[in-house]
Structures are given as C-alpha cells and as structure tokens.
Amino acid sequence: MKDQDGCATCHIFKEKEDEVSEVGGHTFKANTAACLKCHTDPEKKRDEAHQQISEKLSELEPLIEAFEKKESEDFKNAKFNFDLVRISGDYGVHNLTYSNKLLDYSLSILKGEGPGEKPKAEEPCLLCHKSLSTEQVAGWEQSEHAKSLETLLASSKAEDACLQCHSVDYRNDPANVTLETAQLPNGCGSCHQDHILETEFSGIGKNLLKPKNEVCNDCHTAGDAKPGDTLQSAQVEIFTGTGGIGVPDSPSIHFSIHEPKDGCVYCHTLSMTSETGEEISHTFEANLAVCSTCHKEPIATLEQAQEQISTQLAELTKLLDEYTDKESETFNKAKFNVDLVSLGESGAHNLKYSISLLEYSKSLLETPVTEFPAYDVNKDGVVDIADIDIVSAHFGESVADSLTPNPDADGSGTVDISDLALIGKHFGEITAPAAAPAIAATDDADK
C-alpha cells in the first residue's frame, strides 16, 4: 500500500488490470481481495474484528449511561474513546489494535480500575506478525530494545532527551513527550515504516526507515559528545575507529572487509527457517557463525579480546578513581577514551583502536606533571583551543606573574598577539604526558 492511495487502496479498485484513466468499484465497499496479500481468510478476520469491537461497545453503553460523575475528566475521556470507535463504523477493521486499546481504556476507567497497563509499541504489528513471523516476535520480546523505556525510567540519570532512543513516542511527537508522559518503548516502528507508507528502502521483510548500514547509527553512537560529557553509547565510533582522543582514526578491519551496505546487520541478524519460512532474528545478539569464515576458533578469539580489554579497563578505572584533579582537561580526555571503549563493545568491534585509546589514557593519567611550558596556559598537558580561549579573554591586559592561569605566554607582561603566536607554534603538542601511542599491532581478533 502507498500513502498516496489512502482509503482508495481498499475502497476503490480497478475493474481491469490495465485500467489507468478510470477507476472501478464506486460502491466504495471494501475490496477484500486487497486483504489477501497478508490474510488467507479476510472475511473471517473481518468477522472476528467486528465481534470483538461489538461486544466491547455493548458492554460500555450501559456503563456510560450509569456513570454518575459525567462532568469529570475521566468520564469525558472514556466517552470520547467510545464515540470515536462507534462513529468510525468500521468495527475494528481499519485498526483493530488501536480500537481495542481505546475501548479497554474506557472500560477500565468506567469500572473504576484505573487506566490499565501501558501498551507495547509493537502491538499493531503483532496483529499479523505474531502468526506470520513467530521467531522474529519471540526474539524481539527477549531483546534489550523491547525494554528500552523500562530501562531508561529505572535510571537515576534519565532525561527527556534520552527518549529519542528509548521511546517510539518521541519519534512520533518529540516536542511534547517527556519522561512522565512517554508510554511506549522502542517497537517495530523505531526501525521499520508501516506498510501504508512505503520508503526508499521498502521491500518484503525490509521496509526500513534508513539503509541497513545506517539504521542503527542514530542511537548507537556518542554523537557530538566531547570530553567532560556523559556518554551513553559508542559502538559507531569504535567500529569506524573515529572520535577518540589522542590517537589517529583506525576503522575496524571488519568495517572494510564486510559488505559496507550491511553495516551492523551483517553480524547482528541471523537468518533462520521457521514454520512460516525464512525469518531474521530480532534478538540482535551477535551471530558468531559469521566469524567462523575468518577465525578458526571465533568464541575463543572473542573471549581473548574481551579479556584483554577488561583487564585494561579495570586498570584505567583504578587510575581514574585515584586521579586527584577530576575537573582537569587531562582527566576528562582520559575518561572520554575509557568511556568510548567501555560502551563500544570494543573487544569485538575494533580491538586495535580500543587498545590504543586506553594506552593513551593511561599515559595521560600516569605521567607525573611537574612543570609545564608557559604556552600550555592552563597546564593540562596539551596545547589546544582552551589555551587560546584564556589568552583571548585577557587580550590587551597587563598581567602579573602570579595570575593563574597566566595568559602571558611569552612573559612580556602584556597579553597580546605574540602570546597567540607562541601558542599557535606549539598547537597540538603534548607537554607533559607521553606522546600518543601508535595503533596496536594486528591481533587475531581484528583479522
């Protein structure tokens, strides 16, 4: 179905296959032949939907009549839902799941039971896919994505902005959804468009909002985070070998040898055969069978890589805990790399790059800082834009040697262009910690 067809998809149909200039079927009765694309017995499905909705409407009618507080907001909401479903006249055919939800809400209010439990984002899709794609549905229900909103709300660090990746509500109405009002976790609609609106990436079993190699990238990334920020995810940065501090970019070898158009999907979806045919697993756990094409012992290789990273992370965590100046740029840069690696599933995604990031962080935290050159104005171990900012803030001033941090980089007594020139000459230099390590030697986990 296409969005430009709308109601005409089912209510106006061609009398002839090659008919272009005219359309037939101007009784506007539904053409059940259109339903056969998904439903083997559309008349039976229609009758079942009619029965469900009719029974609930019949149950609601006397409750509405008998409800005493007809001026209350609860009553108005309950009756509004009742009228919405009744007046539509389709008795569930257009959207059975939504109609049931509206009437269930009204029943729970009018019976004094409260609004009931929150719906699932995938419920409209399950109407068909629970029977057509049993393994997909079972896998999805076990996945972390299905618990995205629950996980967020349980966190003490939750903010409204987090909803863009933890709730499909936010994607539908970002301006008005908050932690208090969000109802739905991630669902099918987080990655897939529905069948009414076709996309450039549509197709049987696909219908994705974005290409396969991009669909995961909006959420599984550090985005525009910088040292000092709190990171939530970093798989994209680690896999592509970008965004870290103090080491050159180094994409994972997996990024280059696998089909670029597949991206994360190459390893994180598993094709399987079920009673209903070929399906794609939606647990999104890594499919280690893919690794065996290159690695003789993929599980052992992965465990070795993860152990190596875990050991380094434990050492770095201890150094970060013991570091005295946790407000310094040195600390923030070291922690940024540690967070990238910790969140980036680095043992599998990009071992070499991860090792280099952690080695650089270690060099920042372990090197004794005794004396910094004057052009490292803020004495954080690196000559960068922060030093220029300090000089700019005092430009034209006469300053005493005792001023800290001292923007008079050349010691002339006046903050002027020569101070900026001196900083520019040494820009990017590491002034106290060791130089950035080279990318680690090739390891079997990155072959």
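Every number in this text was worked out from the coordinates using simple rules, so none of it is lab data. Here the structure is a predicted model, which is why all the values come from computation and not from measurement. In this analysis, Cβ positions are derived from the backbone assuming ideal geometry, glycine residues included, and neighbour counts consider all displayed protein chains.
Going down the list LYS226/LYS362; LYS111/LYS157; LYS147/LYS296, which pairs span over 26 Å between their C-alpha atoms?
The pairs that break the limit, which is 26 Å between Cα atoms, are LYS111/LYS157; LYS147/LYS296.
Beta carbons within 10 angstrom, averaged per residue: use that to sort the peptides 381-390, 69-78, highest first.
381-390, 69-78
So which of LYS29/LYS70; LYS318/LYS352; LYS210/LYS335 end up more than 28 Å apart by C-alpha?
Violating the 28 Å limit, Cα to Cα: LYS29/LYS70; LYS210/LYS335.
Can you sort PHE331, PHE336, PHE28 by how many other beta carbons sit within 10 Å, fewest first?
So the ranking, lowest neighbour count to highest, is PHE28, PHE331, PHE336.
Using a Förster radius of 41 Å, what is the FRET efficiency between SER292 and GLU48 based on their Cβ-Cβ separation? Nearest 0.05, please.
Efficiency for this residue pair is about 0.35.
Hey, fewest Cβ within 10 Å first, where do HIS349, HIS94 land in order?
Fewest to most other Cβ atoms nearby, the residues stand as HIS94, HIS349.
Test of understanding: what is the full-extension gain from SER392 to ILE280, defined as 0.36 nm times their sequence separation minus their Cα-Cα distance?
Answer, rounded to one decimal: 34.6 nm.
Could you check the simple spin-label distance between THR317 and ALA421, using points 7 Å along Cα→Cβ, in nm with one decimal?
Label-label distance for THR317 and ALA421, simple model: 5.1 nm.
Could you compute how fast the range 371-431 diffuses translationally, taking Rh as the Kirkwood radius over C-alpha pairs and applying Stokes-Einstein at 37 °C with viscosity 0.692 mPa s? Give it in µm² per second.
299 µm²/s
What distance in nm separates the two pseudo spin-label positions at SER58 and LYS157, each 7 Å out from Cα along the beta-carbon direction?
Result for the modelled spin labels: 5.5 nm.
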